[in-house]
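One structure is given below, encoded as structure tokens.
The values are calculated or read from the model by the stated rules, or taken from the named source; none is laboratory data. None of these values were measured; they are calculated from a predicted model. Note that each Cβ is placed from the backbone with ideal geometry, even for glycine, and that neighbours are counted across all protein chains shown.
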Amino acid sequence: QVFSHLTFLNSLELEGNLIQRIDEKAFAGLEENLQYLRLGDNRLHEIPSEALRPLHRLRHLDLRSNNITYISEDAFTGYGDSITFLNLQKNMIHQLPTMGFDNLNSLETLNLQNNKLQHIPEEIMEPILDTLRVVDIMDNPLICDCELAWYEAWLAGLRDRDDEMMQKKRTVCTMVNEHREYSVAKMP
């Protein structure tokens, strides 16, 4: 309960501290005002959901460059409604949970760049597609198959075609029987 006396704190940066685990009461006192939490460049193996659940005003969650290998089904339950920005890049996530994003009703930016994802089925992403403006899945060993078709269609339908999203059109995937990369925007 290190932060319990900092009740008006709205931004907390704990990047690069070699943190491996976060106690469930670590953010006690910050429940009402914390909006920005940066936990990048640490050694977390999972999303510290129990510690984050009381933070119902959290908008920006940065967990990049950790050792996260999976996302639990209830990873964002209890606090995900207000999150607009979620950065999970440079982790070791192999698979996304079936209902893992169901509670992220306000999510606008999702960064999954540079993980170990091979498949990203539409049914997993569907609960957040209406609010998403940016989704980055570059630098994953994606397999070109029907499960990735939603991404191509989503990119094509973007109204806000800024330079950043045009970069995402360069996301590549690999055909199972070929040793050739394809742009997701031009999948066969």
Q. Is it true that some residue in region 69-78 is within 24 Å of R133 (Cα to Cα), touching a residue at least 24 places away in the same chain (Cβ under 8 Å) and among the acidic types (D, E)?
A. yes
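Given the criterion surrounded by fewer than 18 Cβ atoms within 10 Å (Cβ to Cβ), over 23 Å from N33 (Cα atoms) and touching a Pro at 6+ places or on another chain (Cβ under 9 Å), identify the matching residue among M99, M92.
Unique residue meeting the criteria: M99.
Which of the residues belonging to region 124-149 are of a type in the set (D, E) and under 23 Å from L61 (Cβ atoms)? Don't jump to the end; show me each part of the working.
Going through region 124-149, the residues of a type in the set (D, E) turn out to be 126, 130, 136, 139, 145, 147.
Those that are of a type in the set (D, E) and under 23 Å from L61 (Cβ atoms): E126, D130, D136, D139.
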Q) Would it be correct to say that R53 is among the charged types (D, E, K, R), in contact with an Asp or Glu (Cβ under 6 Å, 6 or more places away or on another chain), surrounded by 18 or more Cβ atoms within 10 Å (Cβ to Cβ) and without any contact (Cβ under 8 Å) to a residue 40 or more places away in the chain? A) no
Q: Identify, by number, the condition in (1) in contact with a Gly (Cβ under 9 Å, 6 or more places away or on another chain); (2) of a type outside the set (D, E); (3) modelled with pLDDT of 95 or more that N10 doesn't meet.
A: (1)
**Q.** Failed criterion for S11 (all others in (1) closer than 29 Å to M125 by Cβ; (2) surrounded by 18 or more Cβ atoms within 10 Å (Cβ to Cβ) hold)
**A.** (2)
Q | Pair list, Cβ under 8 Å, 6 or more apart: region 1-19 residue without any contact (Cβ under 8 Å) to a residue 60 or more places away in the chain, other residue of a type in the set (D, E) and part of a strand (DSSP E or B) | A | E15/D62
Q: Go through (1) among the aliphatic types (A, V, I, L, M); (2) within 16 Å of Y151 (Cβ to Cβ); (3) at pLDDT below 95 and name the single condition L112 misses.
A: (3)
Q) When you go through (1) among the hydrophobic types (A, V, I, L, M, F, W, C); (2) out of contact with any Gly (no Cβ under 7 Å at 6 or more places or on another chain); (3) within 19 Å of N91 (Cβ to Cβ) one by one for L63, which number turns out not to apply? A) (2)
Q: Determine if region 76-96 includes at least one residue that is over 12 Å from the mean Cα position of the chain (by Cα), more than 20 Å from P121 (Cβ to Cβ) and not in a loop (DSSP other than H, G, I, E, B).
A: yes
Q: Within region 118-157, track down each residue that is free of Cβ contacts under 8 Å to residues at least 12 places away in the same chain and hydrophobic (A, V, I, L, M, F, W, C).
A: C146, A153
(Q) I'm trying to understand the selection: among the residues of region 135-148, which are buried (at least 16 other Cβ atoms within 10 Å of the Cβ) and part of a strand (DSSP E or B)? (A) V135, D136
Q) When you look at Q95, is it under 27 Å from E152 (Cβ atoms) and out of contact with any Phe, Trp or Tyr (no Cβ under 9 Å at 6 or more places or on another chain), yes or no? A) no
Q) Conditions: (1) over 24 Å from S65 (Cα atoms); (2) buried (at least 18 other Cβ atoms within 10 Å of the Cβ); (3) aliphatic (A, V, I, L, M). L39 meets all but one. Number of the miss? A) (1)
